[in-house]
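This report concerns only the one structure given below.
The values are calculated or read from the model by the stated rules, or taken from the named source; none is laboratory data. Owing to the predicted nature of the structure, the values given are computational and were not obtained by experimental measurement. Cβ atoms come from the backbone with ideal geometry, glycine included; neighbour counts cover every protein chain shown.
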Amino acid sequence: MFLLLCLQTLLAQDVKKAFSHFEAEKYDLAASEFEQIINSIENETKAIDYSSYAFCLTYTAISCERNNQIEKAINYYLKAQSTYIKNPAWNIFMYSAVLKNLGQLYLGMGRYEEAESLMKEAIRIDKSSSGGNQTSYCIGLINLASIYQYMGQYEKAETFMKEAMPIAKEYFGENHPEFGRVLNNLAQLYKAMGRYEQAETLMKEAIRIHKVALGENHYDFASTLNNLGALYQDMGRYEQAELLMKEAIRMDKASLGENHPSYGRDLNNLASLYQMMSRHEQAEPLMKEAMQIDKEYLGENHPSYGIRLNNLAQLYQAM
């Protein structure tokens, strides 16, 4: 018993240190510290504190994800999931977060059915434990809607987004940036459905919220400008689209830097607009720069890098 108490005391100190790295956004250090704690716990087979073990697995996964170590993150999320399944009552909301985060990674990889299954389970957990009135439940609804949007099941996506809207509005308030993100997500869905006027109204409101709440130099504000530019492109309003996309590029370059994938996305969007306008010579260097950013930041095996290669190939065909 004495040895167990000593181990728990040492682990608590180590966890606090690792978590301080996480809060400081030093994700490589956080992941390394958490992995050492996990190894210590696994070596003490007679005295495993599964609650601490699950916590460390979860934050190792999040740290790896934020450090762009996707495969490693997935492995830790899966280990955390299997640990929580044994006794989800340890931290029901942490278990739900693991399911959501893993589902979002699968969504990004095109593994839609697996993502859907995980998100549905997370929603079930949140609804049964919180009455459907907490942010975790709302986030689950929004994430599930995104999955259905990618799957082309727009009616299902709209149903879940509309269920999430009043929850987000009540919990965050209608001028909160999180509510602005919900509006933007619904606008993106309407854009995909060809309901451009509804999408434009929602995007403009999201822009207003983010401008007031976050300021004009925040990357979320830049993202909403970029989204409105993409909408105007679909509507054939090319000059307006170009102005908004250029402004988003300027903002993301200043706030995120020239090597961030969001900046690369901005470049690619403007390049796609130029391609549509038959301004191929202006599109080419933007696409090449976007492709190089994704290659260095995400790696050659990431789906986004493959999309950039395909976009450049299509441009060369058009030229």
Near pairs, Cβ below 8 angstrom, 6+ apart or cross-chain, from the stretch 1-26 (closer than 17 Å to THR60 by Cβ and modelled with pLDDT of 50 or more) to any residue that is surrounded by 10 or more Cβ atoms within 10 Å (Cβ to Cβ) and charged (D, E, K, R): LEU11/ASP49; ASP14/GLU33; LYS17/GLU33; ALA18/GLU33; HIS21/GLU33; GLU25/ARG66
Residue identified as within 24 Å of ALA192 (Cα to Cα), part of a helix (DSSP H, G or I), at pLDDT 90 or above and touching a Ser or Thr at 6+ places or on another chain (Cβ under 8 Å) among ALA248, ALA283: ALA248
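Looking at the structure I just gave you, is GLU200 over 22 Å from the mean Cα position of the chain (by Cα), assigned to a helix (DSSP H, G or I), within 23 Å of ARG279 (Cα to Cα) and not small (Gly, Ala, Ser)? Step through it out loud before you land on a result.
Values: over 22 Å from the mean Cα position of the chain (by Cα): yes; assigned to a helix (DSSP H, G or I): yes; within 23 Å of ARG279 (Cα to Cα): no; not small (Gly, Ala, Ser): yes.
Spelling it out, it is not the case that GLU200 is over 22 Å from the mean Cα position of the chain (by Cα), assigned to a helix (DSSP H, G or I), within 23 Å of ARG279 (Cα to Cα) and not small (Gly, Ala, Ser).
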Helices (runs of 4 or more DSSP H) completely within the stretch 108-192 that count 3 or more residues being over 18 Å from VAL98 (Cβ atoms): 135-150, 154-172, 177-192
Residues (touching a residue at least 24 places away in the same chain (Cβ under 8 Å), part of a helix (DSSP H, G or I) and either under 15 Å from LEU244 (Cβ atoms) or not aliphatic (A, V, I, L, M) (or both)) located in the stretch 209-229: HIS210, TYR219, ASP220, PHE221, ALA222, SER223, THR224, LEU225, ASN226, ASN227, LEU228, GLY229
Test: residue in the stretch 252-267 that is over 24 Å from MET151 (Cα atoms), surrounded by fewer than 23 Cβ atoms within 10 Å (Cβ to Cβ) and in contact (Cβ under 8 Å) with a residue 40 or more places away in the chain: no
Residue list for the stretch 135-162, restricted to those being more than 15 Å from LEU107 (Cα to Cα), over 16 Å from the mean Cα position of the chain (by Cα) and of a type outside the set (Phe, Trp, Tyr): GLU155, LYS156, GLU158, THR159, MET161, LYS162
TYR232 being hydroxyl-bearing (Ser, Thr, Tyr), farther than 22 Å from TYR112 by Cβ and either touching a residue at least 60 places away in the same chain (Cβ under 8 Å) or in a helix (DSSP H, G or I) (or both): yes
Only listed residue being buried (at least 17 other Cβ atoms within 10 Å of the Cβ) and either in contact (Cβ under 8 Å) with a residue 12 or more places away in the chain or not aliphatic (A, V, I, L, M) (or both), chosen from ASN143, ASN91: ASN143
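Conditions (1) crowded, with 16+ Cβ neighbours inside 10 Å; (2) at pLDDT 95 or above; (3) of a type in the set (Asp, Glu), marked per residue:
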residue: GLN198; (1), (2), (3): no, yes, no
residue: THR201; (1), (2), (3): no, yes, no
residue: GLU205; (1), (2), (3): yes, yes, yes
residue: ALA213; (1), (2), (3): yes, no, no
residue: HIS218; (1), (2), (3): yes, no, no
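Conditions (1) of a type in the set (Asp, Glu); (2) more than 24 Å from ARG66 (Cβ to Cβ); (3) touching a Gly at 6+ places or on another chain (Cβ under 6 Å), marked per residue:
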{"site": "LYS86", "(1), (2), (3)": "no, yes, no"}
{"site": "PHE93", "(1), (2), (3)": "no, no, no"}
{"site": "SER96", "(1), (2), (3)": "no, no, no"}
{"site": "LEU105", "(1), (2), (3)": "no, no, no"}
{"site": "GLY108", "(1), (2), (3)": "no, no, no"}
{"site": "GLU113", "(1), (2), (3)": "yes, yes, no"}
{"site": "LYS120", "(1), (2), (3)": "no, yes, no"}
{"site": "ARG124", "(1), (2), (3)": "no, yes, no"}
